[in-house]
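Below: the structure, in structure tokens.
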Amino acid sequence: MGSLRARLLTGMLITLPVVFLLLWLVVSDSLRTLTADYLSDRMELEIESILAELEVARGDHIRLDEANVDALFHFSFSGYYYQLTFSGGEGEAPQVLRSRSLGDFVLDFPPVIMGEKKRLKLVGPKGQSLLALVRSLPLRERVLTIAVAEDLTPVEEDLAAFQTRYTLISLAFLALLGGGLAVAAHRALSPLDRIRRELEELEAGRISRLNEAIPLEMRRLAARINHLMQGMEQRMERSRNTIGNLAHALKTPLAALAQLAHHPAANDDLRSALLERTNQLHQLLERELRRARLSDFALPGRRFVLEKELPPLLRTLRSIYYAKKIEPEMNLPPGLVLPCDHEEMMELLGNLLDNAFKWGRERVVFTVRRESRNAGEVVCLVVEDDGPGVPDEHWEALAQRGVRLDESKEGHGLGLSIAREIVEHYRGSMIFSRSPNLGGFRVEARLPLG
């Protein structure tokens, strides 16, 4: 669809010249018509004045008293001409009277029906364009045709000069109007730029809703977005509360099952099976409770600012594993913002760091670095601990959902498989290995920045 601003400006750049061209044509045609009407009215008066000086002499010949005719008709090629044609009798040639200004030139025009009046364009004695008014009327049972013509050259030159000035003025006004409309379009669409910037801030987590103090047409859009954001936050809050409530509600029945395992009537096999199943369920519930607590910091649509989001996450992990007294070592580039969904990054780092806190003895190291590769720039998230680690032959199977590969004697691989799914969602990759510095487990998640 392209840019709205570009579409508006393109439409104006097409429409305005067309409008100005049509206006130019209308004005030019109107001027020509007004000029022709004015000249026709003047030539009508000239015809009346010529007819007033015309008389029929003996032998039915016409005679014109030129002394009382306008002097402009007396100068050769003055631009003002008349020609009278008086039809002759049977077998007689018509009598023709011409102004001195015509010399020997004869005006050539089509026949005009008696009683008719026509306005014609004729060719003058010097090839110039003439506007002629031709009138035919009865006289002594014959037909008198009188034509008065005027040179259009001065009028056309004046009209051409006017059209040139009008064109230059129109172009100047077109430029001013186009510039004014461009500014008006920019101002009219500036709230869209404001909404775009606010959406970027909303995505980055700097604001929680869009400002609705904007024009009415866009205010409804902002209001709908705010309504959707509020609904998403409410649904997420209900989901977190539901998970937490369910986990807490199941703790008491699980404790009761664990007590049944120690009942005197239970045999050793039943006791062992009950303890194993209740321990597994208890670990799953504890894990979901930790995930619910970690996701308390997640808001939909935010980008992930490491320096801002990590401290509350680490405080939560230290409170969960308070007995270990682990102070994680952070190696972070300043001001790094990950172009990823805030909630997904919280879950990714929460799983990776939770695994490190769970199995680390005294040290957990979290390192973030940026690397340039052929496919573009990537960010590497490296989490290491000093725990017992995982045998080398189990690295590939470790990220498979539900596969149980423990660093010690109990646990499951669900968290790491979830982390890998998140990384692969962003077309990234994960590498599992043994930490060369700490000797424990090392996981590296690579996420593209572009």
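Things to note:
- So L139, is it touching a residue at least 60 places away in the same chain (Cβ under 8 Å), assigned by TED's automatic domain parsing to the domain that holds A57, in contact with a Leu (Cβ under 6 Å, 6 or more places away or on another chain) and closer than 20 Å to F86 by Cβ: no
- Checked against the criterion of being in a helix (DSSP H, G or I) and either touching a Phe, Trp or Tyr at 6+ places or on another chain (Cβ under 8 Å) or under 17 Å from L144 (Cα atoms) (or both), the stretch 33-43 contains one or more residues that satisfy it.
- When the stretch 20-39 is filtered for residues that are surrounded by 14 or more Cβ atoms within 10 Å (Cβ to Cβ) and either among the hydrophobic types (A, V, I, L, M, F, W, C) or within 14 Å of R119 (Cβ to Cβ) (or both), the ones remaining, listed by number, are F20, W24, V27, L31, R32, T35, A36, L39.
- Qualifying residue in the stretch 98-107 (condition: more than 25 Å from A161 (Cα to Cα), in contact with a strand residue (DSSP E or B) (Cβ under 6 Å, 6 or more places away or on another chain) and of a type in the set (K, R)): yes
- Meets criteria (surrounded by 12 or more Cβ atoms within 10 Å (Cβ to Cβ), in contact (Cβ under 8 Å) with a residue 60 or more places away in the chain and not in a helix (DSSP H, G or I)) for V56: yes
- Being in the same structural domain as S417 (by TED's automatic domain parsing), within 38 Å of the chain's Cα centre (by Cα), modelled with pLDDT of 90 or more and closer than 22 Å to E200 by Cα is a condition met by at least one residue of the stretch 374-391.
- If you go through the stretch 68-89 and keep only what is crowded, with 17+ Cβ neighbours inside 10 Å and among the aromatic types (F, W, Y), you end up with F73, Y80, Y81, Y82, F86.
- Lone qualifier among M229, M236, M218 - being under 43 Å from the mean Cα position of the chain (by Cα), within 30 Å of L9 (Cα to Cα), surrounded by 12 or more Cβ atoms within 10 Å (Cβ to Cβ) and not assigned by TED's automatic domain parsing to the domain that holds S30: M218
- From the options R194, R165, residue that is exposed (fewer than 12 other Cβ atoms within 10 Å of the Cβ) and either charged (D, E, K, R) or under 30 Å from L216 (Cα atoms) (or both): R165
- Qualifying residue in the stretch 401-415 (condition: closer than 17 Å to N355 by Cβ and either modelled with pLDDT of 85 or more or outside any loop (DSSP other than H, G, I, E, B) (or both)): yes
- Here S49 meets the list (1) in contact (Cβ under 8 Å) with a residue 60 or more places away in the chain; (2) out of contact with any Leu (no Cβ under 7 Å at 6 or more places or on another chain) almost entirely, failing just condition (1).
- Wholly enclosed strands (runs of 3 or more DSSP E) of the stretch 63-177 bearing at least 1 residues at pLDDT 90 or above and closer than 20 Å to D41 by Cα: 80-86, 117-123, 129-139, 142-151
- Of all residue pairs spaced 6 or more apart or on separate chains, those with beta-carbon atoms under 8 Å, a first member in the stretch 97-123 that is touching a residue at least 40 places away in the same chain (Cβ under 8 Å) and a second member that is part of a helix (DSSP H, G or I) and not β-branched (V, I, T) are R119/A36; R119/S40.
- Looking at E156, E141, E92, E150, just one residue is out of contact with any Ser or Thr (no Cβ under 8 Å at 6 or more places or on another chain) and either surrounded by 15 or more Cβ atoms within 10 Å (Cβ to Cβ) or closer than 16 Å to L39 by Cα (or both), and that residue is E150.
Conditions (1) closer than 23 Å to W359 by Cα; (2) touching a strand residue (DSSP E or B) at 6+ places or on another chain (Cβ under 6 Å); (3) at pLDDT 85 or above; (4) not assigned by TED's automatic domain parsing to the domain that holds R427, marked per residue:
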site: L285; (1), (2), (3), (4): yes, no, no, yes
site: A292; (1), (2), (3), (4): yes, no, no, yes
site: D296; (1), (2), (3), (4): no, no, no, yes
site: P312; (1), (2), (3), (4): yes, no, yes, no
site: L317; (1), (2), (3), (4): yes, no, yes, no
site: P334; (1), (2), (3), (4): no, no, yes, no
site: P339; (1), (2), (3), (4): no, no, no, no
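The values are calculated or read from the model by the stated rules, or taken from the named source; none is laboratory data. None of the values given here were measured: they were computed from a predicted structure. Note that each Cβ is placed from the backbone with ideal geometry, even for glycine, and that neighbours are counted across all protein chains shown.
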